[in-house]
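J.: This is the structure I want to talk about, given as structure tokens.
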Amino acid sequence: MIGAGAIGGVVARALRDGTVPGATLSGVVDPAGPADLPVVSLDELLSTSDLVVEAAGQRALAEVGPQVLAAGRDLLVVSVGALADDALLAKLLSAGPGELHLSTGAIGGLDLLRAAARMAPLSRVTIETTKLAANLVQPWMPADQAERLRTTAEPVELMRGPAREVTAAFPKSANVAASVALAAGDWDVVEAAVIADPAAELTSHVITAEGPAGSYRFEIRNRPSPRTPTSSEVVPHAVLGAIAALAEPRVVFR
Ligand SMILES: NC(=O)c1ccc[n+]([C@@H]2O[C@H](COP(=O)([O-])OP(=O)(O)OC[C@H]3O[C@@H](n4cnc5c(N)ncnc54)[C@H](O)[C@@H]3O)[C@@H](O)[C@H]2O)c1
């Protein structure tokens, strides 16, 4: 594991406790050094792992992802939002021999979007994300806007536009929009929106897609992680499902 916070910590402990047949935890790289997990250096991690799971953030992925793949280790990426940067994606794709895998993370339906886009390009894709208002405050926001967000009594649409622009403005909400754009195979067809709702107990993502293959609508409502409320509690379990499928493929949806 690289990163053992809300997502990586749950994944690492489940692997340590032997809950995924065929997989064991070789170590954790995290400057926060969680006391109950075997913290190792990146070099040690690379010499003892077949698969490296990144759950550390966009910057960490850019810094160490190419090195992991170049060392011949497979890499499962959780910070998918980083791949809005085409240059980073190209670098990771050419860094092998290790293979690049993306976690489905907080959302589903990516397989069907990918199939529909493979049949014929999608004509319109939207993803509307609604989160608890206080969790959407960004460092670039002027103080009065941040304060309005913390105290609003009504839902507020903060941004709507090309998915790439929205992911840049809301990096911690970027992963799902990036996953949809990568499944659709086209960033330019995807419109994203971020809505702040003071009453949103659950984080919701409404994804729609239109194209010659059909018309799709997925609505996902996830409980936020108590530790890092910008992430959803289900995400580590999506990661564990991906590790299980790689470790011991049986009947697997791909
Ligand atoms: N794909 C998805 O659907 C999805 C959903 C939610 C979150 N995410 C992304 O997953 C990532 C992790 O989220 P989280 O909620 O676990 O965050 P978190 O802040 O709870 O944990 C991140 C951990 O990474 C560690 N870290 C930071 N930089 C590091 C580095 N260079 N090397 C090693 N460790 C480092 C931190 O010390 C921390 O313990 C974020 O990028 C988040 O945006 C993806």
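None of the figures in this text is laboratory data; all of them are computed from the coordinates on show. Computed from a prediction, not measured in an experiment: that's the story for all the values here. No Cβ is skipped: glycine too gets one built from the backbone with ideal geometry, and neighbour counts run over all protein chains shown.
J.: Can you bin segment 1-123 into rounded, prolate or oblate? Criterion: square roots of the alpha carbon gyration tensor eigenvalues sorted a ≥ b ≥ c, rounded for a/c under 1.5, prolate for a/b above b/c, oblate for the rest.
T.: Here segment 1-123 falls in the prolate category.
J.: What is the distance, in nm, between label points placed 7 Å from the Cα along the Cα-to-Cβ direction at MET119 and at LEU88?
T.: Inter-label distance under the simple model: 3.3 nm.
J.: For segment 163-215, what mean projected area does the convex hull of the alpha carbons give, in nm²?
T.: Mean shadow area of the hull around the Cα atoms is 4.2 nm².
J.: Computed over the Cα atoms, what is the radius of gyration of segment 1-63 divided by 2.2 N^0.38 Å, N being its residue count?
T.: Dividing the Cα radius of gyration by 2.2 N^0.38 Å gives 1.02.
J.: Shifting gears a bit: Two decimals is fine: what is log10 I(q)/I(0) at q = 0.13, 0.18 Å⁻¹ for segment 110-222, from a Debye sum with one equal scatterer on every Cα and no solvent?
T.: Treating every Cα as an identical point scatterer, log10 I(q)/I(0) equals -0.49, -0.84.
J.: Using a Förster radius of 25 Å, what is the FRET efficiency between SER204 and LEU112 based on their Cβ-Cβ separation? Nearest 0.05, please.
T.: FRET efficiency, SER204 to LEU112: 0.85.
J.: Work out how far the C-alpha atoms of the chain reach from end to end along every principal axis, then list the three figures in whole Å, largest first.
T.: 49, 44, 33
J.: For segment 171-190 and segment 1-52, what is the separation of their C-alpha centers, rounded to whole Å?
T.: Taking the Cα centre of each part, segment 171-190 and segment 1-52 sit 28 Å apart.
J.: Nearest-5 percent of antiparallel DSSP beta bridges in the chain?
T.: Just about 55 percent of them are antiparallel.
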